[in-house]
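Undergrad: Quick one: the structure is below, questions incoming.
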Amino acid sequence: MQNLSSARTVAIVGLGYVGLPLAVEFGKKRTVIGFDINARRVAELQAGQDHTLEVEADELRQATHLKCTTDPAALAGCDVFIVTVPTPIDEHKRPDLTPLIKASATIGKVLKKGDVVIYESTVYPGATEEECVPVLEQHSGLKFNVDFFAGYSPERINPGDKTHRVTTIKKVTSGSTPEVADLVDALYNEIVTAGTHKAPSIKVAEAAKVIENTQRDVNIALINELALIFNKLGIDTEAVLQAAGTKWNFLPFRPGLVGGHCIGVDPYYLTHKAQAIGYHPEIILAGRRLNDSMGAYVVTQLVKAMTKRRIPVRGARVLVMGLAFKENCPDLRNTRVVDIVKELSEYDVLADVYDPWVSPEEAQHEYGITPVRQPQAAAYDAIIVAVAHDQFKAMGAPALRALGKAQHVLFDLKYVLPPEASDIRL
């Protein structure tokens, strides 16, 4: 097997939220081929722009050793392949490994003796060696751990977060042999200033990744359930959480919609594997069910509030502020705001969606929603602040209420306003 110094060229397969920051950092130090099947994405990067806003134009220019391409033949000269493609779930909440399998097939066709393939995509424990490696063997004709090797180093990208970056987040690493584990660890230490944690096996690294977001999901589900209880008791949930938060070891979770490519997806990878080995997870799936139901709950509470104010629900106009899955980023993946929009349609409510962060074309393509360019003043029977973008916080209650009719309901889903400034909160 090659040593690290001879692994001159790194391939990053998948140039999205995870792959691009990684490609840029390695591209500052060694030759990197950034590969993506999306020609529009590659053209954008070649022009020095990143629509995800994860990498600034200056950073792209600093990656002088990075070349982006859609040509799989360009991968042939690479020694180390890092796979950063999405791992979504299908409509039945089952893991969809299609992008991972296709990426493995692409790499397998150019794989040569001594090469190392590292996966960063979130998977269930065992997926790298049980699902991906056989594809590499099939397309390369090479033997695993004899001719080529594998590693797993789970991504920890937090979209929109300018503090916790790929270089400043501790990196978990692993390899299919002790020597490869050392190689993978040393490779990431070239760019990760926060250091690394070398896991004893690929399966341990895979499991560590999938429980990181499962833990958050379950914790948020608990707070969401508490919010439902406190609402029935007529108690302000945020006030309760602030009081409880004065204890040193109380965890600062907040209720809300749970979307995004990680927290709302990763638990299903773990539960899929658990069920495959004959164990039915109780707590994890219960948390998922509760979090997935929050969009419908939000609309139910809104309808109740409108009814109490004698605002006709059918035919009403509602402004949903925010469509991204989280604040201050354009990421629409698995956003649960769409649950609110769909539920409103069940009541024959006309919903306008406003989000200055997201691409209207992407919103239309992914969800059939065309955001309004600017909401109308005094036009809405209700306003839902669904995402805590800084622009929405800066507006304040008077500007938000100016969007409503004389009689309207203001639902502050994200606590961007003082408690007395809105009509409903979770």
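The values are calculated or read from the model by the stated rules, or taken from the named source; none is laboratory data. For clarity, every value in this text was computed on a predicted model and none was experimentally measured. Glycine gets a Cβ as well: all are built from the backbone with ideal geometry, and neighbour counts include every protein chain shown. These area figures cover heavy atoms from the full protein model, side chains too; ligands, DNA and RNA do not enter into them. Shrake-Rupley method; radii C 1.70, N 1.55, O 1.52, S 1.80 Å.
Undergrad: Restricting attention to the range 103-126, which residues are in a helix (DSSP H, G or I) and in contact (Cβ under 8 Å) with a residue 40 or more places away in the chain?
TA: Within the range 103-126, 103, 106, 107 meet the criteria.
Undergrad: Pairs only if they're at least six apart or on different chains, beta carbon under 6 angstrom, first in the range 127-146 and over 14 Å from residue 116 (Cβ atoms), second open to solvent by 70 Å² or more (accessible area, probe 1.4 Å) and of a type outside the set (S, T, N, Q); list them, first residue then second.
TA: Correct list of pairs: 139/109.
Undergrad: For the range 200-211, give me each residue that is touching a Ser or Thr at 6+ places or on another chain (Cβ under 8 Å), open to solvent by less than 60 Å² (accessible area, probe 1.4 Å) and of a type in the set (A, V, I, L, M, F, W, C).
TA: 202, 205, 210
Undergrad: Hey, another quick one. Cβ-Cβ under 6 Å, sequence separation 6+ or interchain: first residue in the range 65-82 and over 19 Å from residue 153 (Cβ atoms), partner open to solvent by 50 Å² or more (accessible area, probe 1.4 Å) and not in a loop (DSSP other than H, G, I, E, B). Which pairs?
TA: 65/31; 68/46; 70/39
Undergrad: Evaluate the following for residue 59: is it in a loop (DSSP other than H, G, I, E, B) and out of contact with any strand residue (DSSP E or B) (no Cβ under 9 Å at 6 or more places or on another chain)?
TA: No.
Undergrad: Under 8 Å between Cβ atoms, which residue pairs at least 6 apart in sequence (or on different chains) link something in the range 341-369 that is farther than 20 Å from residue 329 by Cα and touching a residue at least 24 places away in the same chain (Cβ under 8 Å) with a partner that is among the charged types (D, E, K, R) and exposed (fewer than 12 other Cβ atoms within 10 Å of the Cβ)?
TA: 347/314; 348/314; 349/314
Undergrad: So, one more: If you take the residues of the range 84-116 that are open to solvent by less than 10 Å² (accessible area, probe 1.4 Å) and touching a Cys at 6+ places or on another chain (Cβ under 8 Å), which of them is nearest to residue 180 (Cα to Cα)?
TA: Among them, the one singled out is 115.
Listed here are the residues, each with its yes/no results for (1) part of a helix (DSSP H, G or I); (2) at pLDDT below 95; (3) more than 28 Å from residue 95 (Cβ to Cβ); (4) open to solvent by 10 Å² or more (accessible area, probe 1.4 Å).
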position	(1), (2), (3), (4)
304	yes, no, yes, yes
310	no, no, yes, yes
318	no, no, yes, no
343	yes, no, no, yes
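Undergrad: Something else: Which residue out of 162, 143 is at pLDDT 95 or above, on the phi < 0 side of the Ramachandran plot and of a type in the set (Lys, Arg)?
TA: None of the others qualify; the one that does is 143.
Undergrad: Continuing with the same structure: Regarding the range 176-199, can at least one residue be identified that is out of contact with any helix residue (DSSP H, G or I) (no Cβ under 6 Å at 6 or more places or on another chain), under 30 Å from residue 259 (Cα atoms), in contact (Cβ under 8 Å) with a residue 40 or more places away in the chain and open to solvent by less than 30 Å² (accessible area, probe 1.4 Å)?
TA: no
Undergrad: Just one of 300, 246 is assigned to a helix (DSSP H, G or I), open to solvent by 30 Å² or more (accessible area, probe 1.4 Å) and either of a type in the set (S, T, N, Q) or touching a Pro at 6+ places or on another chain (Cβ under 7 Å) (or both); which is it?
TA: Going through 300, 246 in turn, the sole match is 300.
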